[in-house]
Amino acid sequence: MEKTYKKVVLAYSGGLDTSVIIPWLKEHYHCEVIAVAANVGQGDGELEGLEEKALKTGASKCYIEDLTEAFVDEFIVPTLKAGAAYEGRYLLGTSFARPIIAKRLVEIAKAEGADAIAHGCTGKGNDQVRFELGIRAFAPTMDIIAPWRFWELNSREKEIAYAEEHQIPLKINRETNYSKDKNLWHLSHEGLDLEDPSIEPQYDKILEMGVSPEKAPDAPTYVTVSFEAGVPVAVDGVKMKAVDIIKKLNQLGGANGIGIIDMVENRLVGMKSRGVYETPGGTILYHAHQKLEEICLDKETQHYKMQMAIKFSEIVYNGQWFTPLREAMSAFVDSTQQNVTGDVKMKLYKGNIIDAGMTSSHSLYSEEIATFGEDHVYDQADSAGFINLFGLPIKVKALLDEKRIK
């Protein structure tokens with residue numbers, strides 16, 4: 001016998017999937033549906049009319065939760081400090097937005113006495129894993145309904161037809177039906193012509209957070225970002241919260257064509273998927289943070305942290321935020337960031353970030369030692385003994401090889 005539910009909490013965005021799921025859940029389970037929409041900085045336009053729409057399509061209640069500052073401080077900044085970029089390019093915009101939403105879904109589901117949580121993630125995507133691992137971290141026995149795994153609306157075209165039949169208003173049409181995810185950090189685009197990797201993206205039609213490099217100004221824009229213990233704290237000398245720094249850099253980066261990538265990535269579920277990502281402010285912050293670490297971290301810490309960043313990015317991408325390993329890795333990262341304090345100046349020009357100088361009171365760079373001019377602190381004769389010892393294994397092997405040949 002199919003399980004029945006009295007009250008279901010739905011992760012609701014007002015997009016295609018979740019718009020049709022509200023009436024579908026009511027038809028299928030005859031249950032009360034409570035919509036929960038998370039504000040993670042996607043903009044007022046994305047949230048406008050959301051509650052009215054949810055109620056009109058059958059929800060008994062709609063929560064709109066502002067999680068933006070917690071999203072930035074508790075998820076974006078720790079990932080930035082780790083320098084984590086999935087497969088070296090993707091700055092994890094969708095990935096680290098899911099855990100905070102999942103946690104809030106559980107809190108509301110418990111408060112409302114719901115017996116299940118539903119989401120609109122497809123069975124091919126990564127988000128189903130991210131949501132469900134987050135839910136299980138705080139409600140391990142809660143039932144989860146994922147309609148895309150078994151319902152009859154098994155294509156976006158069928159979903160649109162269902163929405164039209166049920167008079168559900170959509171902000172999309174069949175011709176521009178890219179699958180998108182937007183928050184303060186980024187905007188992703190997938191589907192339609194992007195499913196063919198041989199086709200160049202139609203950037204003039206796709207981009208929303210900025211312009212293509214070709215349409216960026218002919219004059220460069222200079223910007224200086226300041227950090228304290230690895231956390232961005234100011235832009236051009238003006239102190240502000242991290243959330244406002246991202247907003248400011250999104251404007252500057254977007255206007256200069258910064259942070260656009262066209263990427264075929266390896267999804268957690270095993271397939272390759274192509275997407276176009278816009279991350280203007282995030283790209284500037286990652287660049288600036290990495291530059292500052294170049295002068296503030298010792299070689300061994302810097303190199304080890306680079307290796308660890310690969311694993312950190314995989315943990316975030318795979319939805320394993322609420323795990324002991326991620327917490328332990330964040331603790332390590334925090335310890336490396338104690339002296340990552342200073343200013344990084346950059347020149348933004350037609351999609352490029354060009355370094356324009358950096359300073360730090362904790363810099364490990366010594367001009368006196370590194371200079372090619374005359375100095376009195378470095379004895380170049382010492383290098384001969386160093387090379388003899390460093391190269392000893394090579395020398396020994398070569399000598400023994402010569403004996404064996406003879």
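The values are calculated or read from the model by the stated rules, or taken from the named source; none is laboratory data. Note that the coordinates shown come from a computational prediction; the quantities given were computed from them, not determined experimentally. Positions of Cβ are generated from backbone atoms using ideal geometry, with glycine treated the same way; all protein chains shown enter the neighbour counts. These area figures cover heavy atoms from the full protein model, side chains too; ligands, DNA and RNA do not enter into them. Shrake-Rupley method; radii C 1.70, N 1.55, O 1.52, S 1.80 Å.
Given the residues 64, 101, which is the only one that is of a type in the set (Val, Ile, Thr), surrounded by fewer than 21 Cβ atoms within 10 Å (Cβ to Cβ) and closer than 30 Å to residue 166 by Cα?
After applying the criteria, what remains is 64.
Here are 94, 122, 141: which of them is within 18 Å of residue 265 (Cα to Cα), hydroxyl-bearing (Ser, Thr, Tyr) and open to solvent by 30 Å² or more (accessible area, probe 1.4 Å)?
Values: 94 fails: open to solvent by 30 Å² or more (accessible area, probe 1.4 Å); 141 fails: within 18 Å of residue 265 (Cα to Cα).
Only one candidate qualifies: 122.
Among 149, 130, 136, which is open to solvent by less than 20 Å² (accessible area, probe 1.4 Å) and either out of contact with any helix residue (DSSP H, G or I) (no Cβ under 9 Å at 6 or more places or on another chain) or of a type in the set (Lys, Arg) (or both)?
Working: 149 fails: open to solvent by less than 20 Å² (accessible area, probe 1.4 Å); 136 fails: open to solvent by less than 20 Å² (accessible area, probe 1.4 Å).
Result of the check over 149, 130, 136: 130.
In region 332-355, the residues that are closer than 23 Å to residue 229 by Cβ form Cβ pairs under 9 Å with partners that are open to solvent by less than 70 Å² (accessible area, probe 1.4 Å) and among the acidic types (Asp, Glu), at six or more places apart or across chains, as follows: 336/293; 337/293; 340/293. Scanning region 359-383 for residues that are open to solvent by 40 Å² or more (accessible area, probe 1.4 Å), in contact (Cβ under 8 Å) with a residue 40 or more places away in the chain and in contact with a Ser or Thr (Cβ under 9 Å, 6 or more places away or on another chain) yields a count of 1.
Only one of these is assigned to a strand (DSSP E or B) and touching a Leu at 6+ places or on another chain (Cβ under 7 Å): 117, 144, 100. Name it.
Details: 144 fails: touching a Leu at 6+ places or on another chain (Cβ under 7 Å); 100 fails: assigned to a strand (DSSP E or B).
After ruling out the rest, the residue left standing is 117.
Within region 15-58, the residues that satisfy the criterion of being farther than 14 Å from residue 169 by Cβ, open to solvent by less than 50 Å² (accessible area, probe 1.4 Å), out of contact with any Pro (no Cβ under 9 Å at 6 or more places or on another chain) and not β-branched (Val, Ile, Thr) are 29, 31, 35, 37, 38, 39, 41, 42, 43, 45, 47.
Within region 110-118, is there a residue that is modelled with pLDDT of 95 or more and either within 30 Å of residue 286 (Cα to Cα) or of a type in the set (Phe, Trp, Tyr) (or both)? Full working, then the answer.
Keep residues of region 110-118 that are modelled with pLDDT of 95 or more, which gives 110-118.
If we keep only those that are either within 30 Å of residue 286 (Cα to Cα) or of a type in the set (Phe, Trp, Tyr) (or both) too, we end up with none.
No, region 110-118 contains no residue that is modelled with pLDDT of 95 or more and either within 30 Å of residue 286 (Cα to Cα) or of a type in the set (Phe, Trp, Tyr) (or both).
The lone criterion from (1) in a helix (DSSP H, G or I); (2) touching a helix residue (DSSP H, G or I) at 6+ places or on another chain (Cβ under 9 Å); (3) aliphatic (A, V, I, L, M) left unmet by residue 331 is number (2). With respect to (1) surrounded by fewer than 24 Cβ atoms within 10 Å (Cβ to Cβ); (2) of a type in the set (Phe, Trp, Tyr); (3) closer than 30 Å to residue 327 by Cα, the lone exception for residue 12 is condition (1). So if I check each of 261, 284, 246, which one is under 16 Å from the mean Cα position of the chain (by Cα) and either open to solvent by 10 Å² or more (accessible area, probe 1.4 Å) or aromatic (Phe, Trp, Tyr) (or both)? Answer to the selection: 261.
For region 267-298, taking the residues that are among the β-branched types (Val, Ile, Thr) and assigned to a loop (DSSP other than H, G, I, E, B), the one that is modelled with the lowest pLDDT is identified as 269.
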